[in-house]
Amino acid sequence: MLSTRLVGRPQNMGNIKYDKEKFAELIIYVAERCESHRLFGATKMNKILFFSDFIAFRELGAPITGAQYQALERGPAPVKLLPVRKVLEKQGQIAIQRIGGQERIVPLRDPDLSGFSASEISIVESVIDELRTLSADEVSDLSHEFLGWEAAIAEGPKTPIPYETAFVSNPEIDAFDSSIVREKAREHGYV
């Protein structure tokens, strides 16, 4: 599950560099892989990019693209998506289709995956597979479970979401841990 993949220990956190070309190729790749998905649109594109970069940061020590993400009301979104999308459209590399209220990116060429590692593509594929059957609302709701988005949106819309928040979790206390807490509270006279 995506939410459980966004917690863990930091690995090799260094300077994060945004790779515009890699970001553009990832947009084309995701659009190609999701072209036949009935529920694919702008919201799902945003979330696939977000989860892929943040899971890669946690699991590989670096995001795939280094894109900056911001907290919007419907969840995380890459800051540079619209400008990059406009350039790709102007260059004839993608088209934008509006279908039933969805805005879909349609690739007009194959993506160049030479700059991606097998691990990066594997992460993207697993995110696509997990989100495949979810609607825009469901994907948005899922992204709201990410504590980094919650903290950023509390500061206001368009607040950047730091990659380091991929390691923040709020695990539920299981019955065993709960019983230990109750026992200790009784021992110390709190209950």
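What pairs come up if the first residue lies in region 111-129 and is farther than 16 Å from C34 by Cβ, the second is not charged (D, E, K, R), and their beta carbons are under 7 Å apart, counting only those six or more places apart or on different chains?
Note: pairs meeting the criteria are S119/L60; E120/A56; E120/I64.
Restricting attention to region 40-95, which residues are over 15 Å from the mean Cα position of the chain (by Cα) and of a type in the set (V, I, T)?
V84, V87, I94
Does region 131-144 contain any residue that is under 27 Å from K20 (Cα atoms), charged (D, E, K, R) and under 15 Å from the mean Cα position of the chain (by Cα)?
For region 131-144, residues under 27 Å from K20 (Cα atoms), charged (D, E, K, R) and under 15 Å from the mean Cα position of the chain (by Cα): present.
Suppose the filter is of a type in the set (D, E) and modelled with pLDDT under 95; does E103 pass it?
Criteria met by E103.
Anything in region 84-143 that is of a type in the set (G, A, S) and within 16 Å of D53 (Cα to Cα)? List them, or say none.
Result: G115, S117, A118, S119, S122, S126, S143.
Scanning for something of a type in the set (A, V, I, L, M), closer than 24 Å to E73 by Cα and at pLDDT below 95, does region 28-46 turn up at least one residue?
Within region 28-46, one or more residues are of a type in the set (A, V, I, L, M), closer than 24 Å to E73 by Cα and at pLDDT below 95.
Going through V30, V84 one at a time, which residue ends up being crowded, with 22+ Cβ neighbours inside 10 Å, touching a helix residue (DSSP H, G or I) at 6+ places or on another chain (Cβ under 6 Å) and part of a helix (DSSP H, G or I)?
On inspection, the qualifying residue turns out to be V30.
For (1) loosely packed, with under 15 Cβ neighbours inside 10 Å; (2) farther than 14 Å from A71 by Cα; (3) hydrophobic (A, V, I, L, M, F, W, C), each residue gets a yes or a no:
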{"site": "E103", "(1), (2), (3)": "yes, yes, no"}
{"site": "E130", "(1), (2), (3)": "no, yes, no"}
{"site": "E155", "(1), (2), (3)": "yes, no, no"}
{"site": "I161", "(1), (2), (3)": "no, no, yes"}
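Of the residues in region 163-191, how many are closer than 30 Å to T65 by Cα and of a type outside the set (A, V, I, L, M)? I'd like the intermediate steps shown before the answer.
In the first step, residues of region 163-191 are kept if they are closer than 30 Å to T65 by Cα; the result is 163-171.
Those still in the list that are of a type outside the set (A, V, I, L, M) too: 163-165, 167, 169-171.
Qualifying residue count for the region: 7.
Checking Q97 against (1) out of contact with any Gly (no Cβ under 7 Å at 6 or more places or on another chain); (2) closer than 17 Å to L72 by Cβ, which single condition isn't satisfied?
For Q97, the exception is condition (2).
At least 3 residues that are at pLDDT below 85 and not acidic (D, E) in each: list the helices (runs of 4 or more DSSP H) lying fully within region 108-190 that qualify.
Working: elements: 118-131, 136-143, 147-155, 175-187.
Because the criterion is at least 3 residues that are at pLDDT below 85 and not acidic (D, E), the helices (runs of 4 or more DSSP H) in region 108-190 that meet it are 175-187.
The values are calculated or read from the model by the stated rules, or taken from the named source; none is laboratory data. Just so it is clear, the model here is predicted, and its values are computed rather than measured. Glycine gets a Cβ as well: all are built from the backbone with ideal geometry, and neighbour counts include every protein chain shown.
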